[in-house]
1. Please identify the pairs in which a residue from the range 116-128 that is closer than 12 Å to E333 by Cα has its Cβ atom under 8 Å from the Cβ atom of a residue that is loosely packed, with under 14 Cβ neighbours inside 10 Å, counting only partners at least 6 apart or on another chain.
2. Take the residues in the range 112-136 that are in contact with a Lys or Arg (Cβ under 8 Å, 6 or more places away or on another chain) and within 18 Å of A278 (Cβ to Cβ), then tell me which one is surrounded by the most Cβ atoms within 10 Å (Cβ to Cβ).
3. For the range 96-109, enumerate the residues that are touching a residue at least 24 places away in the same chain (Cβ under 8 Å) and under 16 Å from the mean Cα position of the chain (by Cα).
4. Does E188 satisfy being modelled with pLDDT of 95 or more, open to solvent by 20 Å² or more (accessible area, probe 1.4 Å) and either part of a helix (DSSP H, G or I) or closer than 19 Å to F148 by Cα (or both)?
5. Is it the case, given these coordinates, that N244 is open to solvent by less than 60 Å² (accessible area, probe 1.4 Å), modelled with pLDDT under 95 and of a type outside the set (A, V, I, L, M, F, W, C)?
6. Scan the range 217-234 for residues that are open to solvent by 10 Å² or more (accessible area, probe 1.4 Å) and either under 23 Å from M47 (Cα atoms) or among the hydrophobic types (A, V, I, L, M, F, W, C) (or both) and jot them down.
7. Filter the range 253-282 down to the residues that are over 17 Å from the mean Cα position of the chain (by Cα) and open to solvent by less than 30 Å² (accessible area, probe 1.4 Å), then identify the one that is nearest to A53 (Cα to Cα).
8. Out of all the residues in the range 141-160, is one or more open to solvent by less than 10 Å² (accessible area, probe 1.4 Å), aromatic (F, W, Y) and part of a strand (DSSP E or B)?
Amino acid sequence: MGKAKTCVGVVVGLAMVLMLFAGTAFAAPEITLKFAGQSPADHPATMLMNEIAKEVAEKSNGRIEVKVYPASQLGDYELVYEEMIRGTIDMSCTSVPSQFDPRLELVYINGFVKGYDDVKKIFAPNAWLFNKMDELNQRLGVKLLGFFIEGMIGTGTVKPANEPLNPAVDKGVLIRVPNMDVYKLAAEAMGYRTVTIPWSDVYQSLQTGVCEGVNGFSVAAAYTMLRDVLKHWYMTNYSLECLNYMIGMKTWNKLSPEDQKIIAEAVAHASAKSIEEAKANDEKYMQLMREQGIDVHTYTPEELEPIAKACASTWPKLEKRMTKELIDEFRKELGPK
């Protein structure tokens, strides 16, 4: 009797071991994709990157592994974009650089999004903006998969700005802007002096007085990256901050239609979720700013109207770099009706 039980136990044990090995072999990834991000590990963008990786792994039964690299571990967004073109980095959730084509600044034009009421429509898959950005990216060897909607944009400073709602008044603040005409022109139209500083030097520049504020940031980004140095946050909603879910065409073309669908659907789910969460995240991170000791200044849509008009007044100046054809099309599709 004892021997019989022992034999049964051995057989069961062997079966479990074989099942374990079989499961391990089945779960071993056939494809590993490098997914580069620029946001910190605790940022909402990185959290959704991890959700994408999890969904892809589940739907592919472990065949596709998406490895997430947050906080610019694989380089800044310009380098990541270059590497996606080459095929050495597969995917990203980053800003899109305009060094290869100034028209890619289209998604960052200021003054056409004033709130969340129309964000779902403007940033939806297959809407005009998505299709145009995908067209421009694919010419360079990168496919747009979707947008991560981070939140409405404001300005953070280390000292008070003069009359922040009056574009005609010099704000008395030198702010760092991204190296894009859309941000520089809009910031100057609002009354700020501007300087372009590499992102990696911004924190120290705010500490040492090389610049006195930052522009082109969502609340979440400003809080997670700069909360220790900012003293004021002006929630002026003059634009919408979004990152771009992208994949290199070399990687995309290697994938089967089935795997392309798995990845596209996972990104679509994350993109839709980001829109739903963006407004709540704005409120969440403004409250965290207050708890950090940052003075948070908020305004009504009516109070912000002069700033929106000042930003829109810069659109004709974008024609030189982005072409009159594109700006005319932009005005037709997304300008005031």
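1. Close Cβ pairs satisfying both conditions: A127/K121; W128/E333.
2. From the range 112-136, those in contact with a Lys or Arg (Cβ under 8 Å, 6 or more places away or on another chain) are 116, 127, 134, 136; that's our starting set.
Right, trim to within 18 Å of A278 (Cβ to Cβ) and you get 116, 127.
Numbers: Y116: 17, A127: 14.
Restricting to residues being in contact with a Lys or Arg (Cβ under 8 Å, 6 or more places away or on another chain) and within 18 Å of A278 (Cβ to Cβ), the top hit is Y116.
3. Initially, the range 96-109 is screened for residues touching a residue at least 24 places away in the same chain (Cβ under 8 Å), giving 96, 98, 100-109.
Hits for the range 96-109 are V96, S98, L104, E105, L106, V107, Y108, I109.
4. So E188 fits the description; yes.
5. no
6. Scanning the range 217-234 gives F217, Y223, T224, M225, R227, D228, V229.
7. I263
8. Looking for residues that are open to solvent by less than 10 Å² (accessible area, probe 1.4 Å), aromatic (F, W, Y) and part of a strand (DSSP E or B), one finds at least one in the range 141-160, hence yes.
The values are calculated or read from the model by the stated rules, or taken from the named source; none is laboratory data. Values in this document were obtained by computation on a predicted structure and should not be read as measured data. No Cβ is skipped: glycine too gets one built from the backbone with ideal geometry, and neighbour counts run over all protein chains shown. For the accessible areas, the whole protein counts, side chains as well, though only heavy atoms, and no ligand, DNA or RNA atoms are used. Shrake-Rupley method; radii C 1.70, N 1.55, O 1.52, S 1.80 Å.
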